[in-house]
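Everything below concerns the one structure shown next.
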Amino acid sequence: MDRGYYAHPTAIIDEGCTIETGVKIWHFSHIMPGCRLGENCNIGQNVVISPDVVLGRNVKVQNNVSIYTGVTCDDDVFLGPSMVFTNVINPRSAVNRKSAYARTHVGRGATIGANATIVCGHDIGAFAFIGAGAVVTKTIPPYSLWIGNPAKQAGWMSEFGLRLQFDKEGHATCPESKEKYELKNGSVRKL
């Protein structure tokens, strides 16, 4: 029977998931009940997708990523190897805080680098870029570049994932796509 998606035989897919066509789920991954995977997502090896997580179309989840309840990702998001989302601000083994899960939303086209940690309750804006190993402890604006622990803004990124260099008038051009951007009042938009 053609399910419309591929799952490696070692993957565990619980009942009650919605998995769209073209999805690929690789070795030793666990897809839990109530989650939704959009068309053409690629779920790497040893990934955990917890209940009620929502991934848009074409989300790339690299190896060893944990996506916990409360996380939603828009289309074209990239989650780098071994990055992690949290879902409780103050976890304790002996204290059940399932009712305290905080929400985190990742906007369209955003990239989160390898080994980054996203502390729950802080959204990542569209086309933002979180560097490898960064620890995000605040909400991230669209098109911004963040690095370090705790993460600090280090610049602005194009939709193609390249740094933007703004002139005195607040204009920049992506070196690859040649698309134009404007920086005004502390936020970036594509023209």
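Contact map, segment 150-161: residues that are in contact (Cβ under 8 Å) with a residue 12 or more places away in the chain paired with residues that are among the acidic types (Asp, Glu), Cβ distance under 9 Å, separation 6+ or inter-chain. Pairs shown: Ser158/Glu176; Ser158/Glu179; Glu159/Glu179; Phe160/Glu176; Phe160/Glu179; Gly161/Glu176. Screening His105 with (1) over 16 Å from Gly70 (Cα atoms); (2) in a strand (DSSP E or B); (3) not small (Gly, Ala, Ser) gives one miss only, at (1).
Scanning segment 59-74 for residues that are out of contact with any Pro (no Cβ under 6 Å at 6 or more places or on another chain), assigned to a loop (DSSP other than H, G, I, E, B) and either surrounded by fewer than 17 Cβ atoms within 10 Å (Cβ to Cβ) or of a type in the set (Val, Ile, Thr) (or both) gives Val59, Val65. In the set (1) closer than 18 Å to Asp75 by Cβ; (2) touching a Pro at 6+ places or on another chain (Cβ under 6 Å), Leu162 fails one condition alone, (1). Counting only residues that are β-branched (Val, Ile, Thr) and either assigned by TED's automatic domain parsing to the domain that holds Arg108 or in contact (Cβ under 8 Å) with a residue 12 or more places away in the chain (or both), segment 165-191 holds 1 of them.
The values are calculated or read from the model by the stated rules, or taken from the named source; none is laboratory data. This one's a predicted model, so the numbers in the text were calculated from it and none came from an experiment. Neighbour counts run over all protein chains shown; Cβ positions are idealised from the backbone, glycine included.
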